[in-house]
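Reading through the C-alpha cells given below for one structure.
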C-alpha cells in the first residue's frame, strides 16, 4: 500500500510539473528569453505590471532613444501590435519613420496566441 501511495504521489508531482511546463510553452516562452516576469530587468525590462505602465519608463532599464520618448501606456492594443512586429509598431506609435526599438519582431500575430500571452501578462 505504501508503495502504491508513493507511486501515485510521484505521478501527480510529475503531471503537475508537466502542466507547468506546458503553460510556459505558449507565446510567453518567447518573452522569457529576454524578460523576467518580475520587476527585475534582464536583456529587456521586467514585465511585472506591464499593463498600465508608461512605455519606456521602467525603473533601471536603459531604453533606446525612441522608446525613452514614448508617450503611450501599455494596453492590449499597443501590446498586440508590439508583439507582432515591434519594429513596425514603434514607427506607428511615435509617428517617426526612423524610430527604432532594440526588441526584435516576435511575430506573435495570431489573435489566439496574442490573447493567451496578454492573459498571461495581466497576471503578473
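The values are calculated or read from the model by the stated rules, or taken from the named source; none is laboratory data. Just so it is clear, the structure is predicted and the values come from calculations on it, not from any experiment. Quick reminder, even Gly has a Cβ in these numbers, built from the backbone with ideal geometry, and neighbours come from all protein chains shown.
Only one of these is over 22 Å from residue 84 (Cβ atoms) and modelled with pLDDT under 70: 24, 6. Name it. Explain how you work it out, then say what you get.
On the way: 24 fails: over 22 Å from residue 84 (Cβ atoms).
Of 24, 6, the one residue that is over 22 Å from residue 84 (Cβ atoms) and modelled with pLDDT under 70 is 6.
Working only within the range 92-117, note down all residues that are surrounded by 17 or more Cβ atoms within 10 Å (Cβ to Cβ) and either over 18 Å from residue 54 (Cβ atoms) or without any contact (Cβ under 8 Å) to a residue 12 or more places away in the chain (or both). Spell out how you get there, then give the answer.
First, the residues of the range 92-117 that are surrounded by 17 or more Cβ atoms within 10 Å (Cβ to Cβ): 93-94, 99, 101, 103, 106, 108, 113-114, 117.
The answer is 106, 108, 113, 114, 117.
Consider residue 38 against the criteria (1) closer than 19 Å to residue 106 by Cα; (2) within 11 Å of the chain's Cα centre (by Cα): it satisfies all of them except one. Which criterion is unmet?
(1)
Out of 51, 37, I need the residue that is at pLDDT 50 or above, in contact with a helix residue (DSSP H, G or I) (Cβ under 7 Å, 6 or more places away or on another chain) and surrounded by 11 or more Cβ atoms within 10 Å (Cβ to Cβ). Which one? Let's see the steps before the verdict.
On the way: 37 fails: in contact with a helix residue (DSSP H, G or I) (Cβ under 7 Å, 6 or more places away or on another chain).
One residue alone meets the criteria, 51.
Quick check: is even one residue across the range 56-65 surrounded by 15 or more Cβ atoms within 10 Å (Cβ to Cβ), on the phi < 0 side of the Ramachandran plot, touching a helix residue (DSSP H, G or I) at 6+ places or on another chain (Cβ under 8 Å) and touching a residue at least 12 places away in the same chain (Cβ under 8 Å)?
The answer is no; no qualifying residue exists.
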